[in-house]
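The values are calculated or read from the model by the stated rules, or taken from the named source; none is laboratory data. Keep in mind the model is a prediction, meaning the values are calculated, not measured. Backbone-built Cβ (ideal geometry, glycine too); neighbour counts: all protein chains shown.
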Amino acid sequence: MLRPSRRAVLLTLATMLIAAPAQADDKLKAVASISIIGDLVKNVGGDRVEVVTLVGPNSDAHVFSPTPTDARTLGGAKIVFINGMGLEGWMTRLVAVSGAKLSPIEVTAGVKPRREEGGHHAVDPHAWQSVANAKIYIANIRDGLTKADPAGAAAYDANAKAYLDKLDALEHEVRETVGKIPPDRRRIITTHDAFGYFGQAYGVEFIAPVGVSSDAEPSARDIARIITQVKRQKIPAVFMENISDPRMMQQIARETGAKIGGTLYSDALSDANGPAATYVDMMRNNVRELAKALVP
Ligand SMILES: [Zn+2]
């Protein structure tokens, strides 16, 4: 057999290099509204999908205002994933402005909605804070990608299965870690009501001065009410959130003597170097921070 000439090898390499960008363009262009969903889409999409996230790490989807760049990103997308349940109020207008001919896929389809307690019973959009719900997100993402790119069906199915196994292990770890906290200490304060699904699933009570959307400012009376509650119920710790101003929690800790726990990641991942750069790491970080502050 003849060895290929050096020239032929070089020509082949050059062709491959030129072809590389075209291959990148062949990827399915997906947009995710928030970083948590973006990470889930990457895990199911693997090599076939290019994912862009609109609301980045440590950013607040409740008060997001899209830019013309976001409209262009959306205009070039083949598929868009949103949480739904009222989280992305800005999305309908953004889709219209972008000229995209698609309707966003709600990854919470099939999740049992939790309603905010008290006042106006708004639907709580933070369903990802329960791992069982994240498994529903994965199924919806797999089905959406498969519909948009039928040739990738087997790959999306295999990726989803592998990731669901990771979520099973994560769920086990979360339950085991919460189990180490004495039941009478499973009660904490956070800034906004983002951990209702976590609380329901794992038996921790979260009390928040701000409701299920972070865009409302708590009144002095709201804060005073929380301070009284922390003292009366001897709530052991208050926690910061990566998307919220820490000052209110610091004030509550100061006036009640409650311990300041670490930072919980509620609505967004950390940046790549932080402790919550993926969904799995976010859940793991949060439950470890709870245990650190609450296990005596
Ligand atoms: Zn929120």
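Key figures for this structure:
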{"read-out": "Matching residues, the stretch 187-204, being assigned to a loop (DSSP other than H, G, I, E, B), under 24 Å from Arg247 (Cβ atoms) and of a type in the set (Gly, Ala, Ser)", "value": "Ala194"}
{"read-out": "Top-ranked residue in the stretch 224-247 [being closer than 29 Å to Ile36 by Cα, at pLDDT 90 or above and charged (D, E, K, R); ranked as nearest to the ligand (Cβ to nearest atom)]", "value": "Glu241"}
{"read-out": "Pairs with Cβ under 7 Å, 6+ apart, first in the stretch 269-285 and aromatic (Phe, Trp, Tyr), second assigned to a helix (DSSP H, G or I)", "value": "Tyr279/Ile36; Tyr279/Asp39; Tyr279/Leu40; Tyr279/Ala134"}
{"read-out": "Failed item in (1) crowded, with 22+ Cβ neighbours inside 10 Å; (2) at positive phi, with Tyr265 passing the rest", "value": "(2)"}
{"read-out": "Residue check for Asp184: free of Cβ contacts under 8 Å to residues at least 40 places away in the same chain, in a helix (DSSP H, G or I) and under 30 Å from Ala258 (Cβ atoms)", "value": "yes"}
{"read-out": "Filter result for the condition that a residue is in contact with a Pro (Cβ under 7 Å, 6 or more places away or on another chain) and part of a loop (DSSP other than H, G, I, E, B), over Leu87, Leu94, Leu102", "value": "Leu87"}
{"read-out": "Residue in the stretch 25-34 that is more than 17 Å from the chain's Cα centre (by Cα), modelled with pLDDT of 95 or more and within 24 Å of Asp165 (Cβ to Cβ) present", "value": "yes"}
{"read-out": "The stretch 52-102, residues that are more than 26 Å from Ala272 (Cα to Cα), surrounded by fewer than 16 Cβ atoms within 10 Å (Cβ to Cβ) and within 16 Å of the ligand (Cβ to nearest atom)", "value": "Gly86, Gly89"}
{"read-out": "Qualifying position, being touching a Gly at 6+ places or on another chain (Cβ under 8 Å), more than 16 Å from the ligand (Cβ to nearest atom) and farther than 19 Å from Gly261 by Cα, among Ala155, Ala162", "value": "Ala155"}
{"read-out": "Residue tally, condition in a helix (DSSP H, G or I), among the charged types (D, E, K, R) and closer than 27 Å to Gly86 by Cα, over the stretch 222-244", "value": "1"}
{"read-out": "Selection within the stretch 260-272 - more than 16 Å from the ligand (Cβ to nearest atom) and farther than 15 Å from Asp39 by Cβ", "value": "Ile260, Gly261, Gly262"}
{"read-out": "Matching residues, the stretch 181-223, being away from the ligand (no atom under 16 Å from the Cβ), out of contact with any helix residue (DSSP H, G or I) (no Cβ under 6 Å at 6 or more places or on another chain) and over 21 Å from Asn133 (Cβ atoms)", "value": "Pro182, Pro183, Asp184, Arg187, Ser219, Ala220, Arg221, Asp222, Ile223"}
{"read-out": "Filtered residues of the stretch 103-127 (kept if away from the ligand (no atom under 16 Å from the Cβ), surrounded by 15 or more Cβ atoms within 10 Å (Cβ to Cβ) and either of a type in the set (A, V, I, L, M) or free of Cβ contacts under 8 Å to residues at least 40 places away in the same chain (or both))", "value": "Ile105, Glu106"}
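Residues are listed down the side, and each one gets a yes or a no for (1) under 14 Å from the mean Cα position of the chain (by Cα); (2) under 15 Å from Asp193 (Cα atoms):
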position: Asp222; (1), (2): no, yes
position: Ile227; (1), (2): no, no
position: Val230; (1), (2): no, no
position: Ile235; (1), (2): no, no
position: Arg247; (1), (2): no, no
position: Leu264; (1), (2): yes, yes
position: Asn273; (1), (2): no, no
position: Leu290; (1), (2): no, no
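This table checks each residue for (1) at pLDDT 95 or above; (2) in contact with a Lys or Arg (Cβ under 8 Å, 6 or more places away or on another chain).
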site	(1), (2)
Gln200	yes, yes
Val210	no, no
Ser213	no, no
Asp222	no, no
Met249	no, no
Asp267	yes, no
